[in-house]
Every structure is written in C-alpha cells, then in structure tokens.
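Participant: Take a look at this one; I'll ask things after.
The values are calculated or read from the model by the stated rules, or taken from the named source; none is laboratory data. Owing to the predicted nature of the structure, the values given are computational and were not obtained by experimental measurement. Every residue, glycine among them, receives a Cβ derived from its backbone with ideal geometry; neighbour counts consider all protein chains shown. Just so you know, the surface numbers come from the protein's heavy atoms only, side chains and all, with ligands and any DNA or RNA stripped out. Shrake-Rupley method; radii C 1.70, N 1.55, O 1.52, S 1.80 Å.
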Amino acid sequence: MRTTRTLLNGDVLVLDVPDAETMPAPAAIGVLARDGLELEITTGGPGHLEHYLSVSGTRLTGEVQLRHGATLRHGRHGDDPARGLVFALRTGDHEIYGTTVPGMDLEGLTSFLSHVEVATGPAGPVLTPAAPVGWSEHRTHDVAQVVRVVGGARILLDVRRTRNGLTRPSGPGLDVRGGRLSRSADDERVHYAVLETPAFLVYGIPADEEHVDAAATTLSTVTAELG
C-alpha cells in the first residue's frame, strides 16, 4: 500500500509499504520554537484528537478566535489547573493540536500561534511560522503511520525527516529496497528495526515484542521518499 502525507513544513513524504493490509490515516508532528520555548504540534484526523483527549483525560471547555480567524479550542491537560493547556484548531479535514508547558497561559499561546500561518491541503496542513516563531533546530519533522501487515502484526512506522536534508545511508546494516536496514541492540529497552533512506529515517516499532522480526521484514521492502 502507498500513502502520501505532507509534513508540517511542507515537505511531502511518499511512503510505500508493500506488505501492508491496512494503513489508517497517519499523524504528522513538528516542533515550533520561540525564544527558547518549544511547542510540539500534531496534525491528524478527528479520531487522532479524540484519542489524545481520551487518554489524557482532557476536555476542551473554552474557545477563542485567533488573529487569522481560526477558532482555537482549549482546556487544561487532565482538567488539572496546574498543568498545561491542551489546544486544538480545525483546518479542512484535519485537527491541529498539542499541549503547552504549565507556565504558558492562554494569552501566551494565542500570541505564539498568531505568528503561524496555516494552509490546508488534501495530504495534510502546512504551517508557516514567521519571526519570532520558527521551527525547532533540535527536533525533526515526523510522520507516525500505523500499519497492519500480512500475518497480522501491528507496527508503528515512525518516519523522521533527516535534519540536514538529503544524506547518504551508511554504517552497519543490510542494503535493501529502500536504503539500509538495521536493528536495535539486544540490550535496548524497546526493540525495533530502522531503515535509513536518503531523506528519512524509518523506525519500525512492533506493538508486540515478538513481532520485531516482522517489523524488520516489513522495513526490508519499504520505501520512504520525498514527493
């Protein structure tokens, strides 16, 4: 199966997973920064946001209009006034959402987001920050894609844009269809496979520990390319 997803900075990921039986809509993640303060942003369908709110025990109880006209819904994380604000805004068929640090109030959040232009596209929204807001220099742009493969294994593909653009796969591993394949060390807490491609790193993390071999087999046929 093949899917196309726009990263939050406008780069386009074309992901091909030949042995996938199902590939629900993915989520895209990026991190905005301003004066040393970072704000992680996730975009996905309404179901992604509903799951996030349910897991965190959060209700979006307030609304405010941003300068560019979008409606920002917000509420305290876990309904706890001492914790950060969970926020969400809708654009097309996508939700843009995240959680602030506890010290950022609603005024600070709206000021932060007022410097970010949102454009809606069929493969996901694109965010364009303007000074003093920019993209974090320490975090990558990611896509989280869950797949169920032939045989029933459920695998999270954590696809990360290389920080410096195009790179040449190198180092230990096996040359495969999409790049260079390797596996995590035996003593790591979480076991996974990783595919290094010219433009992306793809981590294959199985839902069940016994399916790490299936994750490696799946990644051996995957391609992740710029569209």
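Participant: From R163, R177, which residue is of a type outside the set (A, V, I, L, M), touching a Ser or Thr at 6+ places or on another chain (Cβ under 8 Å), surrounded by fewer than 21 Cβ atoms within 10 Å (Cβ to Cβ) and touching a residue at least 24 places away in the same chain (Cβ under 8 Å)?
Facilitator: R177
Participant: Let me ask something else. Could you give me the residue pairs with C-beta distances under 6 Å whose first residue belongs to the range 73-102 and is outside the structural domain of E50 (by the TED database) and without any contact (Cβ under 8 Å) to a residue 40 or more places away in the chain, whose second residue is of a type outside the set (F, W, Y) and open to solvent by 30 Å² or more (accessible area, probe 1.4 Å) wherever it lies, and which are 6+ apart or on separate chains?
Facilitator: none
Participant: Evaluate the range 33-41: report whether one residue or more is open to solvent by 30 Å² or more (accessible area, probe 1.4 Å), touching a residue at least 40 places away in the same chain (Cβ under 8 Å) and part of a loop (DSSP other than H, G, I, E, B).
Facilitator: Yes: the range 33-41 contains one or more residues that are open to solvent by 30 Å² or more (accessible area, probe 1.4 Å), touching a residue at least 40 places away in the same chain (Cβ under 8 Å) and part of a loop (DSSP other than H, G, I, E, B).
Participant: Ok, one more. For the range 20-36, which positions are hydrophobic (A, V, I, L, M, F, W, C) and closer than 9 Å to S136 by Cα?
Facilitator: Across the range 20-36, the qualifying residues are V31, L32, A33.
Participant: Tell me whether the range 62-78 contains one or more residues that are surrounded by 16 or more Cβ atoms within 10 Å (Cβ to Cβ) and under 30 Å from T223 (Cα atoms).
Facilitator: no
Participant: Hey, another quick one. Please list, ordered by residue number, the strands (runs of 3 or more DSSP E) wholly in the range 127-215 having 2 or more residues that are closer than 30 Å to R90 by Cβ and at pLDDT 95 or above.
Facilitator: 142-149, 154-161, 200-206
Participant: Quick one: in the range 122-154, of everything that is more than 20 Å from I96 (Cβ to Cβ) and β-branched (V, I, T), which residue is nearest to the chain's Cα centre (by Cα)?
Facilitator: V147
Participant: List the pairs whose first member sits in the range 8-21 and is farther than 11 Å from S220 by Cα and not assigned by the TED database to the domain that holds V146, whose second member is outside any strand (DSSP E or B) and among the small types (G, A, S), and whose Cβ atoms are under 6 Å apart, counting only residues at least 6 apart or on separate chains?
Facilitator: What qualifies is V12/G227; V14/G227.
Participant: Checking the conditions here, which among G151, G134 is in contact with a strand residue (DSSP E or B) (Cβ under 7 Å, 6 or more places away or on another chain) and either buried (at least 20 other Cβ atoms within 10 Å of the Cβ) or in contact (Cβ under 8 Å) with a residue 40 or more places away in the chain (or both)?
Facilitator: G134
Participant: From the residues in the range 1-22 that are hydrophobic (A, V, I, L, M, F, W, C) and in contact with a Ser or Thr (Cβ under 6 Å, 6 or more places away or on another chain), which one is farthest from R148 (Cα to Cα)?
Facilitator: Step by step, filter the range 1-22, then rank; the result is V12.
Participant: Please verify whether the range 85-107 includes one or more residues that are touching a Ser or Thr at 6+ places or on another chain (Cβ under 7 Å) and of a type in the set (S, T, Y).
Facilitator: yes
Participant: Restricting to the range 43-73, give me the number of residues that are part of a strand (DSSP E or B) and of a type in the set (S, T, N, Q).
Facilitator: 3
Participant: Sticking with this one: Suppose we keep only residues that are over 19 Å from the mean Cα position of the chain (by Cα) and among the β-branched types (V, I, T) within the range 191-227. Which one would you say is most open to solvent (accessible area, probe 1.4 Å)?
Facilitator: Among residues in the range 191-227 that are over 19 Å from the mean Cα position of the chain (by Cα) and among the β-branched types (V, I, T), the one most open to solvent (accessible area, probe 1.4 Å) is T217.
Participant: Just the residues that are assigned to a helix (DSSP H, G or I) and surrounded by fewer than 19 Cβ atoms within 10 Å (Cβ to Cβ), please, taken from the range 79-111.
Facilitator: Within the range 79-111, D79, L106, E107, G108, T110, S111 meet the criteria.
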